[in-house]
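The values are calculated or read from the model by the stated rules, or taken from the named source; none is laboratory data. Just so you know, these numbers come straight off a predicted model, no measurement behind them. When we count neighbours, we look across all protein chains shown, and the Cβ atoms used for this are built from the backbone with ideal geometry, even at glycine.
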Amino acid sequence: MTQRTVELSILRYRPEEDDKPWFQTYQVPCDEDWVVLDAINYVKDHLDGSLSYRWSCHMAVCGSCSMMINGDPALSCKTFIRDLPEGPVRIEPLANFPIERDLVVVMDDFMEKLQRVKPYLIRSTEKPLEEGQHLQSPAELKKFKQYTLCINCACCYSACPQYALIPEFIGPAALTLAHRYNQDSRDQGRDEREDVVASNEGIWDCSFAGACSDVCPKHVDPASAVQQMKIASTVDWFMRRLGLGGGKS
Amino acid sequence: MSRKPYVREISHTTWYLARRRDLLHMAQEVTSLFIGIYTIMLLWGVKALSEGPGAYQVFLDALGSPLVIAFNWITFVIMLYHSISWFSVTPKAMPVQIGEEFLPGGIIAAGHYIAWVVVSAVIYYLAGGFNG
Amino acid sequence: MARSNKPMVWSLFAAGGTVAAFVMPVLMLLTIMAGYGQLTDSLGYEGMKSFASGWMGKLFLLVVIVTCLWHAAHRARTALHGLGLRADKAVAVIGYGIASLGSLLAVFYLLRI
Ligand code: SF4
Ligand code: SF4
Ligand code: FES
């Protein structure tokens, strides 16, 4: 197997010693089929045990290894070194989040926003057990399947210019999660979710830059979900003004 | 162990320069200024029209000034950019599901591009562009 | 959290973006031709007058002007915020004010034709 030595330039931040982050470079002998995470693991195992970062599955499923690679948010386990341009590889913690230590960021805000949209099936009327399960057709499943693929990697928050400028913005993944349940034929909770979704800090803070969809490693397309909700919420708004329902204001 | 999370500040005035994607987005937002100025020009034309032939001639003469022509050429290019980028994202806002499958976004966008050409040709025809 | 009233301006923004995408390039082209003196009969005073006298013509001009003005005002607000101007309230009042005034003027002028 061919090897190539790649220079990794990694942003370090050790809260006990550092006042601000700084770049440390490592020379890593990389195999042809390595992803960035492999190179970082090499650093940790052979060059510098003090480096902190998150990862678990190494197969683009757990969503924990996201970081900025050459300035763009990506999963380090899904980014092949051979696909990157020659020269040093710049690695930083996810943008738009505070740095806890090295490549580990504080994700509390993201987690809290995911919960705010009530991401679970809500029923106004519970069907008695003896009436059987809630059947769903393949067409009904297709309406939201794509949005279930989100792995909460937060790459979209890192790319979203509006989240960068407006920290209160609920943001792409959480809004998309709301849409996922709104679109589910078994769910009746859309009106409840609209309190968060259709507020100023919800969909209306999105400027449809589409950056979230560009970087999403699972092709969830949050920008699309948010736009669809803008249209639906606008229809609601006019219906309400015309006294034709459309939920409470 | 005490925590000391580090917050990276971003510049609120130059953030979009760092990445091509953000720069393109900002360019799209700025097209709105040109749309606004041109619309005000249209409004002025309507005003002139309502005031009679003399006023309308003044408006037409103004359209011929080099400054206005230069602005209009620039705006024309910017409008093309607006149209192309607007139609390219329309499928995202309005996906179409037929039976089980969603129509590929490319088809919806293509439909809009075709409609765009037809609408433009009709307006051009009605304005006498083809026999002028 | 209270639901936003943004749908009011957003719907005009979206409508204006679509209208502009469909008709602005060709309108620009005609304007440029007029600027070079390549005036067709339809774009001359009599032609335009008879076009704008009919309700179809009035409606066309009104829809283009009103939706595009609101599109511009709303998007310029986001753009200026993105460019670092934090006086969002003032920008909104001025932008939407111009759009409202322009819309009223459009109705006024068109009714006089
Ligand atoms: S489309 Fe909306 S949510 Fe996605 S990156 Fe742009 S502003 Fe953020
Ligand atoms: S929507 Fe995509 S980018 Fe955002 S958290 Fe989910 S998987 Fe990651
Ligand atoms: S390690 Fe699980 S997504 Fe990369």
| Given the residues C:ALA2, C:ALA20, C:ALA15, C:ALA52, which is the only one that is within 22 Å of A:ALA232 (Cβ to Cβ) and part of a helix (DSSP H, G or I)? | C:ALA15
| Is there a residue in the range A:176-193 that is facing another protein chain (nearest Cβ under 9 Å), surrounded by fewer than 21 Cβ atoms within 10 Å (Cβ to Cβ) and at pLDDT below 95? | no
| In the range A:1-39, the residues that are free of Cβ contacts under 8 Å to residues at least 40 places away in the same chain, farther than 15 Å from A:TYR53 by Cα and polar (S, T, N, Q) | A:THR2, A:GLN3, A:THR5, A:GLN27
| field | Single residue of the range A:219-244 satisfying the filter (more than 14 Å from chain C (Cβ to nearest Cβ) and surrounded by fewer than 19 Cβ atoms within 10 Å (Cβ to Cβ)) that is nearest to ligand 1 (Cβ to nearest atom) | value | A:HIS219
| task | Could you please give the count of residues in the range B:1-26 that are surrounded by 15 or more Cβ atoms within 10 Å (Cβ to Cβ) and within 11 Å of chain C (Cβ to nearest Cβ)? | result | 5
| query | How many residues are within 16 Å of ligand 1 (Cβ to nearest atom) and away from every other protein chain (no Cβ under 14 Å) when one looks only at the range A:20-79? | reply | 1
| query | Just to be sure, is B:MET26 modelled with pLDDT under 95 and either hydroxyl-bearing (Ser, Thr, Tyr) or within 30 Å of C:GLY82 (Cβ to Cβ) (or both)? | reply | yes
| field | Tally of residues being on the phi > 0 side of the Ramachandran plot and either facing chain C (nearest Cβ under 10 Å) or of a type in the set (D, E, K, R) (or both) across the range B:89-132 | value | 1
| query | For the range A:178-249, which fully contained helices (runs of 4 or more DSSP H) count at least 1 residues that are over 16 Å from the mean Cα position of the chain (by Cα) and farther than 30 Å from A:CYS77 by Cα? | reply | A:190-197, A:222-241
| request: Of all residues in the range C:74-105, count the ones that are more than 7 Å from chain B (Cβ to nearest Cβ) and either surrounded by 22 or more Cβ atoms within 10 Å (Cβ to Cβ) or not aromatic (Phe, Trp, Tyr) (or both). | output: 22
| task | Please list, ordered by first then second residue, the pairs with beta carbon atoms under 7 Å, 6 or more apart or interchain, first in the range A:193-218 and within 16 Å of ligand 3 (Cβ to nearest atom), second modelled with pLDDT under 95 and assigned to a loop (DSSP other than H, G, I, E, B). | result | none
